[in-house]
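Scroll down for the structure; my scribbles are underneath it.
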There are 2 protein chains.
Amino acid sequence: MAVSNAKWARTKKLITSLRLKKYRKLEQCFVVEGAKSVLELLDSDFEISMILGTPAFLDENKLSRDVETLKVSQRELESIGEFKTNDTVMAVARMKANTPFTISDNEFVIMLDDVRDPGNLGTIIRTADWFGINKIIASEETADMYNSKVITSTMGSFVRVQLFYTNLVDYLGENSHRVFGTYLDGNDVHGQQFGVSGLILIGNESRGISKELEPFVTDKITIPRYGSAESLNAAIATAVICDNLRRH
Amino acid sequence: MAVSNAKWARTKKLITSLRLKKYRKLEQCFVVEGAKSVLELLDSDFEISMILGTPAFLDENKLSRDVETLKVSQRELESIGEFKTNDTVMAVARMKANTPFTISDNEFVIMLDDVRDPGNLGTIIRTADWFGINKIIASEETADMYNSKVITSTMGSFVRVQLFYTNLVDYLGENSHRVFGTYLDGNDVHGQQFGVSGLILIGNESRGISKELEPFVTDKITIPRYGSAESLNAAIATAVICDNLRRH
């Protein structure tokens, strides 16, 4: 489909507006950039409003769905994309409703207490997906999962990991699962018995786990330190804990 | 010291020019932003050319060295800083020469094959410091450690971890230590015997370890996957391997 100037102008305006949470909320849409992520999106249950692809991409990849598709040049894509790697395809998809999920008695779920950096959130989603964790409960101050930096950092894992944003104090007040919290003075994670289910609570990048969540933590754990750094990055801590919990 | 307009204009020009590698190379200087990083810098053996601090910062922190200090307002700092968190202090320091180091028979060293993302490199430096690894050998295509995004992501650990940039094929041709390479089909890292020394080789974000380095890898290792993500972020993989090698 050839794109008229008016259509292109509208599309460009829509896509650049979706960089802001305010417009994502208004339109209930978000942008997915890059071939790997868009191919994962096409295979997922996300509703897709539009695909913008280069002729080369659209020739090579038969789209698995009937969706409005715009043929655009690489230069056009680059002019509206946020990332250098986005030079073949981009999609606009519908956000999912923020719906609570049940936690079964044999699964681990990650809980994020104000993880504000989009890159950290995206990396945590990707890491969770690697370690077979597909649910994340996030505080309302955690970065927005539909932020394009988050989506891009997940490397496609956003289609497999559900997020539910909520007030963590209220949530934990009703929770009956074990809560493993990462502290600097907890039990050595190498000797920790994790059992078969629970919440892995990861604190904010600067202040760690909030004071008001501490009473809900049933198991304080620590990744042993052998050097001098004061702390670990939030996504790094998540990964090391997931690896420890899976090896048991 | 009050800052004249001419002095401020020169300083501003210098600091913003140092965002580019070309100017860092020319001036042999780099910028450190934020209180935690600057305090670590003051305690390190880096040569410091200049400190720019708010009156509040300079009152609270007696500087441990005699260095040219400019009193600036928070607004002035924000106008030249790259990061939101930089609102109290900034420093200009001298780069160290790119000098090879010897590897002892009881230490692990990280080797980076074209890790291009500055955030990943910074996080790897911070993670290495946590796990007691203070030497990193990097390919020439690896991100520049003096990039401000790298420095900021290290959270001060850049003062404790030495980097040496070199051609990895030439380096590995002369190397006598074990080389642990991360592959998708190596031995389970949970059962890996690491011994007491060796190089931990981490591949590029997109293509993994280069073909021409593969012959030098003595031990292929893999972080077991329990879910569906195709790969792990480079810094995440580094951390999980470091945690596994330290527990043995």
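The values are calculated or read from the model by the stated rules, or taken from the named source; none is laboratory data. Computed from a prediction, not measured in an experiment: that's the story for all the values here. Using ideal geometry, Cβ is built from the backbone for each residue, glycine included, and neighbour counts are taken over all protein chains shown.
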Top-ranked residue in segment A:198-248 [being of a type in the set (Ser, Thr, Tyr) and under 21 Å from the mean Cα position of the chain (by Cα); ranked as farthest from B:Gly227 (Cα to Cα)]: A:Ser206
Helices (runs of 4 or more DSSP H) enclosed by segment A:96-215 - at least 3 residues per element that are touching a residue at least 24 places away in the same chain (Cβ under 8 Å) and either in contact with a Cys (Cβ under 7 Å, 6 or more places away or on another chain) or over 24 Å from B:Glu205 (Cβ atoms) (or both): A:168-173
Extreme residue, surrounded by the most Cβ atoms within 10 Å (Cβ to Cβ), among residues of segment A:202-225 that are in contact with a helix residue (DSSP H, G or I) (Cβ under 7 Å, 6 or more places away or on another chain) and of a type in the set (A, V, I, L, M, F, W, C): A:Ile202
Residue among B:Arg24, B:Arg10 that is among the basic types (Lys, Arg), outside the structural domain of B:Arg160 (by TED's automatic domain parsing) and more than 25 Å from the chain's Cα centre (by Cα): B:Arg10
Positions within segment A:136-186 being of a type in the set (S, T, N, Q), surrounded by fewer than 21 Cβ atoms within 10 Å (Cβ to Cβ) and within 14 Å of another protein chain (Cβ to nearest Cβ), in sequence order: A:Gln162
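For (1) in contact with a Gly (Cβ under 9 Å, 6 or more places away or on another chain); (2) in the same structural domain as A:His177 (by TED's automatic domain parsing); (3) of a type in the set (S, T, N, Q), each residue gets a yes or a no:
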residue	(1), (2), (3)
A:Asp87	yes, no, no
A:Asp114	yes, yes, no
A:Asn120	no, yes, yes
A:Thr123	no, yes, yes
A:Arg126	yes, yes, no
A:Trp130	yes, yes, no
A:Asn134	yes, yes, yes
A:Met145	yes, yes, no
Index of the failed condition, B:Ala235 passing every other in (1) small (Gly, Ala, Ser); (2) touching a Lys or Arg at 6+ places or on another chain (Cβ under 9 Å); (3) more than 14 Å from every other protein chain (Cβ to nearest Cβ): (3)
Failed item in (1) surrounded by fewer than 23 Cβ atoms within 10 Å (Cβ to Cβ); (2) touching a strand residue (DSSP E or B) at 6+ places or on another chain (Cβ under 7 Å), with B:Gly132 passing the rest: (2)
Condition met for B:Ile221 (in contact with a strand residue (DSSP E or B) (Cβ under 9 Å, 6 or more places away or on another chain), in contact (Cβ under 8 Å) with a residue 40 or more places away in the chain and in a helix (DSSP H, G or I)): no
